[in-house]
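Asks: Before anything else, here's the structure in question.
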Amino acid sequence: QIAASFTKRQFPLARFSGDSAAPGIPHFDVVVIGGGHAGTEAAAAAARCGSRTLLLTHRVDTIGQMSCNPSFGGIGKGHLMREVDALDGLCSRICDQSGVHYKVLNRRKGPAVWGLRAQIDRKLYKQNMQKEILNTPLLTVQEGAVEDLILAEPEPGHTGKCRVRGVVLVDGSKVYADSVILTTGTFLRGMIVIGLEMHPAGRLGDQPSIGLAQTLEKLGFVVGRLKTGTPPRIAKESINFSILNKQTPDNPPIPFSFINETVWIKPEDQLPCYLTHTNPRVDEIVLENLHLNSHVKETTRGPRYCPSIESKVLRFPNRVHQVWLEPEGVDSDLIYPQGLSVTLPAELQEKMITCIRGLEKAKMIQPGYGVQYDYLDPRQITPSLETHLVQRLFFAGQINGTTGYEEAAAQGVIAGINASLRVRHKPPFVVSRTEGYIGVLIDDLTTLGTNEPYRMFTSRAEFRLSLRPDNADSRLTFRGYNEAGCVSQQRYERASWMKSSIQECISMLKSIEFSSSKWKKLIPEASISTDKSVPVRALDVLKYEEVDMELLAKAIPEPLKKYTECRELAERLKIEATYESVLFHQQQEIKNIQRDEALQLPKDLDYLTLRGVSLSSEVREKLHFSRPQTIGAASRIPGVTPAAVINLLRFVRTAQ
Ligand code: FAD
């Protein structure tokens, strides 16, 4: 059905007549290359912003494919998903239509660092994503491999040695575009590895992208090499679950999307996960066979936070490692052994699996494998994800050195918005690190670069108490609606209602005051301190761990009862109360940072020859390469000294 609708939708907007140089050649506002997690978000965001958009990808039937783990979210990653959703992105809504096991991680810690996470039915995710993408207004989807870029003279007033004008496909056909977004994941010179065997592929069963990698190198982009890997898949019926620890999901499940109150699956129908562990025999098999494992011998950097079993055995000898057995879907016969990513020859992988408890009779259906690929040093892009070198060319996703669906999706939505704004000559949409994890991710990439696959953690953010998963809409939805036009009216109205309800209720809670003895009578469950001399605000009572809005509203039904009718609102009020005093101090620090961020550095500064500023040649080179856009960003580049920042600051102030 999907394939049929795809065929019908080929190039409906192809009859573009505005390009006198090449009449008949299709022309779009934005062309996105790659239908992975970055590409789908980028294409949908550009279309939501009103741009006629073309998504060009190798195969339509792999749009929305989860190349590795059958899960979304987690610590830090769940925050990114909420922010993507706040900008009306797709992945959170699609996860709510496809999840099979929802579990909030870090529950014992404060809500600022809770990690929303779910096991996802791979097949459903792909189906739902394809349905969404193929039905997005202004978005056309076309199968094809892009080999080259069409370039033109640069636009005056912008940096960059040329401007992208379109793409050339493998069959030689051309498509013109005003902005192009590259989201090619692990496909640039991708090479798959199992044991000593290596063959070119973007991922198992898919061709790599070679022509495009060569084009980028020829243009002068600095290219690096990274690697990652995936575990084998095991037949479900061959596992002895009865002797393993079972993990039950949350009941009720917490949806990823702000606009969903529930998820598609009934709480009782969710699927369990099971936990098992490696043992010394696994270590022996890995160590005895290192000579048969070229991926491990390679010096390219792999994911530190999602390492292969080989690197865990080598880095932490004699330790037992967790292996989570995760369902791949409601009607899937496969289990994904998370923690067992491996590139040993296939027969040794099976030998290793069967010495693990519960897997003694396990049948391996698909071996694990590694992939090595080119990525582009992300210091070559601006915070809007446009490249410094080629105007109107944007990069998003794994191509920028990140790993993970959520990191890819977050960049995709920002690239899509900015590619579209660029076409309309509007200012870029940049999320600062004081506003969101998306800002932290992009600022880290563009100022620090990365030499290993980058993934998000809450520890990367300085303002964790402000950048919470629960309030991503109040941080980003209004900006998305007003500045980018990427947010629907329905979402905007819901976020507005939520924001005004929170403000209204918090000021009410500040104004309700009783003596502590009266509070003790009203809420005997709460351990309110008995200092009778000072009246206690209802907001302070809500800060007690054992008090929630429900309990407070039972004590004072009028005017509080109505704020308990929406579960999400009641929970958010409790969180706001908990963090009230610390947030006040954090807001001051945020203001200081925002002041530095407001000090823009001229885009066309030539740091290598700049006169009148005292900068060492090392600092000049670093600034020249990263081209920071603000004093704040310059100060975060490693090697740019505080003295250099002060000199730059003086320069900017006198230039203003
Ligand atoms: P992808 O999802 O890879 O999508 C790229 C898309 O671009 C594909 O649709 C492809 O067909 C298309 N494309 C490429 N070149 C062209 C071209 N020239 N023309 C047209 N279309 C093109 N993440 C983790 O968090 N942890 C892990 O352990 C992990 N392990 C992984 C193991 C493997 C083997 C692989 C392949 C990925 C792994 N990932 C892991 C990464 C995760 O899958 C990616 O981070 C995420 O999918 C990146 O999204 P993306 O959109 O950037 O790229």
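Derivation of every value follows stated rules applied to the coordinates shown; laboratory data play no part. Quick caveat, the model's predicted, so the values are computed rather than measured. All Cβ positions, even for glycine, are placed from backbone atoms using ideal geometry, and neighbour counts span all protein chains on display.
Asks: Which residues' amide hydrogens lie under 5 Å from the amide hydrogen of Ile365, considering only partners 5 or more residues apart or on another chain, with H built in the peptide plane?
Replies: The answer is Arg233, Ile234, Ala235.
Asks: Here's something else I'd like to know. Among 171-178, 370-377, what's the highest-first ranking by average C-beta atoms within 10 angstrom per residue? Numbers along the way, then the final one.
Replies: Details: 171-178: 17.2, 370-377: 23.5.
By packing density, highest mean first, the sequence is 370-377, 171-178.
Asks: Along the Cα→Cβ direction, 7 angstrom out, place labels at Lys361 and Ser507. What is the inter-label distance in nm?
Replies: About 6.8 nm separates the two model spin labels.
Asks: I've got another one for you. Need one number: nm distance between label points at Lys591 and Arg611, each 7 Å from Cα along Cα→Cβ, rounded to one decimal.
Replies: 4.1
Asks: Going through the range 334-373, which GluC sites (Glu not before Pro) have at most 13 other Cβ atoms within 10 Å and a DSSP loop state? Don't skip to the answer; put the middle values down first.
Replies: Numbers: sites: Glu347, Glu350, Glu360; in loops: Glu360.
Counting only loop positions with at most 13 other Cβ atoms within 10 Å, the GluC sites (Glu not before Pro) in the range 334-373 are Glu360.
Asks: Okay, moving on. In the calculated pair distance distribution of the range 17-119, what percentage of Cα-Cα distances lie above 23 Å? Kindly include the intermediate steps, with their values, before the conclusion.
Replies: Details: 2112 of 5253 pairs.
Of all Cα-Cα pairs in the range 17-119, 40 percent lie more than 23 Å apart.
Asks: Something else about it: Which percent of Cα-Cα pairs in the range 519-656 sits in each 5 Å bin, short to long?
Replies: With a bin width of 5 Å, the distribution comes to 2, 9, 15, 14, 8, 6, 5, 5, 6, 8, 9, 7, 4, 2, 0.
Asks: Could you list log10 I(q)/I(0) for the chain at q = 0.08 Å⁻¹, which the Debye formula gives when each Cα is one point scatterer?
Replies: -0.64
Asks: For the range 211-294, run through the GluC sites (Glu not before Pro) and keep only the ones in DSSP coil with at most 13 other Cβ atoms within 10 Å of their Cβ. Could the numbers behind the result be given before it?
Replies: On the way: sites: Glu217, Glu237, Glu261, Glu268, Glu284, Glu288; in loops: Glu261.
Hits after loop and neighbour filter: Glu261.
Asks: Go ahead and run the numbers for FRET between Glu621 and Leu287, Cβ-Cβ distance against an R0 of 51 Å, rounding to 0.05.
Replies: On the way: r = 43 Å, r/R0 = 0.84.
So, using R0 = 51 Å, E works out to roughly 0.75.
Asks: Report P(r) for the range 194-347: all Cα-Cα distances, bin width 5 Å, range 0 to the bin holding the largest distance, values in whole percent.
Replies: All Cα pairs, binned at 5 Å, distribute as 1, 7, 13, 15, 15, 14, 12, 10, 8, 4, 1, 0 percent.
Asks: What residues qualify as long-range amide H neighbours of Leu334, i.e. H under 5 Å apart, gap of 5 or more or another chain, H built at 1.01 Å from N?
Replies: Lys236, Glu328
Asks: Run the simple label-point estimate for Glu571 and His425 please: 7 Å along Cα→C-beta, distance reported in nm.
Replies: 4.6
Asks: Trypsin sites (Lys or Arg not before Pro) within the range 551-656: which are DSSP loop residues with at most 14 other Cβ atoms inside 10 Å?
Replies: Values: sites: Lys554, Lys561, Lys562, Arg567, Arg572, Lys574, Lys591, Arg595, Lys603, Arg611, Arg620, Lys622, Arg636, Arg650, Arg653; in loops: Lys603, Arg611, Arg636.
Here the sparse-neighbourhood loop sites are Lys603, Arg611.
Asks: Per DSSP H run of n ≥ 4, the term is -39500 (n - 2.57); total these for the chain, divide by its residue number, and report the mean residue ellipticity at 222 nm rounded to 500 deg cm²/dmol. Don't skip to the answer; put the middle values down first.
Replies: Numbers: 23 runs with 224 residues, N = 656.
The per-residue figure over the chain is -10000 deg cm²/dmol.
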